[in-house]
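Notes follow the structure.
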Amino acid sequence: MKKILLFGAGKSATCLIDYLIMESGLHDWELTVADGNLSLAQSKTRQAARTRAVSVDVQQDEARKKLVDSADMVISLLPPSLHHLVARDCIEFGKHLLNASYVDDQTRKLENTIREKGLLFLCEMGLDPGLDHMSAMQLIHRVRARGAVIHSFRSHTGGLVAPESDDNPWHYKISWNPRNVVTAGKAGAVYREEGVVKKKKYHEIFEDCGQVTVNGSGSFAWYPNRDSLGYLSLYGMEDVVTFIRTTLRHPDFCAGWKAIVAAGLTDDQQPLQTAGLSFRQWSLPLLPFVNDNNRTQLSYLGLFDDQPVPASASNAADILQFLLETKLPMHPHDKDMIVMLHELGLSEGARHYRLASSLVVKGEDHLHTAMARTVGLPLGIAAKLVLENKIKLTGLHIPILPEIYEPVMRELEKEGISFREELA
């Protein structure tokens, strides 16, 4: 009996756990879901056959190592800062590892050892990064196979609220890790546009956001996502004049968030004394950035309320995260929406044209969200394919190879996750 170990039972894990429970039943596998919150893990596993929920503090070496040692396949949905703990255990005990996070420096340093031990560490296997890589590379390889030359590449992805559940001035609700929402853009961004490398610092990310229209789903604002240029060689696009990966939001969101970032309210480094501090006092640096366009949004978050900030908060980011979770929650019947759009500028001989490939996925409710589906299903499908020996790669990888993306994309299409293409 093959054993799968999943660390993390949070917002993005629901559909992954459902999928693994189903596959475990079909293949006589065993699934263990480990989380610091036992009741959360139990609510997701639902006492299903061949499935167990356990409580674990992943920073406690003995308990974590015992779980890893007993597994055949490990999946981590832990915060990115904790992945290295699991990665080192997987190397020590010879286990394959999958996660949905960007490859960090600590994991990159393990690359030679991973390869030498014949293990597969498959990272960036969620939505963004993950499904964006797979769908883009499938498209890129296909157009090049027919002789097209790619001149520009723009890839946009957004975790949004579905129109029928859009009932607040931010046009946004929390469907994934709220801390990631708070710190989005913190690392700045670098990309290439019309042959010019452009760099944006954190406070510039939400200024002058671009606009894009996705057929049937409306218009969205985009801001550049991290280091796009790091993917130029991985995508085989060193010569394209425009290459950018972005995040989609409602235009109003970008306008309001720009003020919050400018005021330093997302800072997670500077310690803060919260005793006797009200939200209004804490947000005083915001006042110079308040205007008629964003006042309603900022008030809606409770930034100007006289209530005390949470006593447990130790920095500004903690306070802001509390407000986001309190004021912008997904209610039980709310639906979220994932929108992804790849735009390729192409030429074949004298013909120049644009190819757009788009994906729109709506969630069912606040637990079975579009975010949970598009993060969890690629991970679950990849895990199944590895256990079935249908993905035989070893080493440190992200899903840009046909050996990974072709079978995963076929399975995703069966799950109703498929792209629509248009020429212009």
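About its Cα centre, the dipole of the chain is roughly 580 debye, where the only charges are +1 on Lys and Arg Cβ and -1 on Asp and Glu Cβ. Considering every alpha-carbon pair of segment 133-362, the percent of pairs per 10 Å bin, from zero through the bin containing the longest distance, is 7, 29, 31, 19, 9, 3, 0. Computed log10 I(q)/I(0) for the chain at 0.08 Å⁻¹: -0.46, from the Debye equation with unit scatterers placed on every C-alpha and solvent omitted. Rounded to the nearest Hz, the phi-derived 3J(HN,Hα) couplings of segment 151-161 under the Karplus curve 6.51 cos²θ - 1.76 cosθ + 1.60 (θ = phi - 60°) are 9, 8, 9, 10, 10, 10, 9, x, x, 10, 8, where x marks glycine and proline. Here the 3J(HN,Hα) profile of segment 107-117, calculated from phi with Karplus coefficients 6.51, -1.76 and 1.60 at θ = phi - 60°, is 6, 4, 5, 8, 4, 5, 5, 4, 5, 4, 8 Hz, Gly and Pro shown as x. Which parts of segment 362-376 would a label at Asn180 reach, counting a residue when its backbone N lies under 13 Å from a point 7 Å out along Cα-to-Cβ? Backbone N within reach: 370-376. Put simply, the convex hull of the Cα atoms in segment 43-108 casts, on average, a shadow of 4.9 nm². For a paramagnetic label modelled on Glu111 (point 7 Å from Cα along Cα→Cβ), amide N atoms under 16 Å away belong, within segment 227-258, to 229-236.
Each residue of segment 318-325 is assigned a 3J(HN,Hα), and the resulting list reads 4, 5, 5, 4, 4, 5, 4, 5 Hz, derived from the Karplus form 6.51 cos²θ - 1.76 cosθ + 1.60 (θ = phi - 60°), x at Gly and Pro.
Put simply, the amide H of Glu193, placed in the peptide plane, has neighbours under 5 Å in Lys198, Phe243, leaving out anything fewer than 5 places away on its chain. Amide H contacts under 5 Å for Gly126: Leu131, restricted to partners 5 or more places along the chain or on a different chain, H placed in the peptide plane at 1.01 Å from N. Restriction of the GluC sites (Glu not before Pro) in segment 128-195 to DSSP coil positions whose beta-carbon has at most 16 other beta-carbons within 10 angstrom yields Glu194.
By the Cβ distance rule of under 4.7 Å, the chain has these cysteines without a partner: Cys15, Cys90, Cys123.
Using a cutoff of 8 angstrom between alpha carbon atoms and counting only pairs six or more residues apart, the relative contact order for segment 133-362 works out to 29 percent. Volume per residue of the convex hull around the Cα atoms, evaluated for segment 117-180, comes out as 172 Å³.
When exposed loop sites are taken as trypsin sites (Lys or Arg not before Pro) in a DSSP loop with at most 12 other Cβ atoms within 10 Å, the longest stretch of the chain clear of them is 202-389.
Averaging the Cα positions of each part gives two centres, and for segment 7-42 and segment 372-424 these lie 19 Å apart.
Taken along its principal axes, the alpha carbon cloud of segment 273-424 reaches lengths of 62, 46, 34 Å, longest axis first.
Distance from the C-alpha centroid of segment 278-335 to that of segment 53-84: 34 Å, rounded to the whole angstrom.
Since every read-out is calculated from the coordinates, none of them should be taken as a lab result. All of these numbers come straight from a predicted model, not from anything done at the bench. Reconstructed Cβ throughout: ideal geometry from the backbone, glycine too, with neighbour counts over all protein chains shown.
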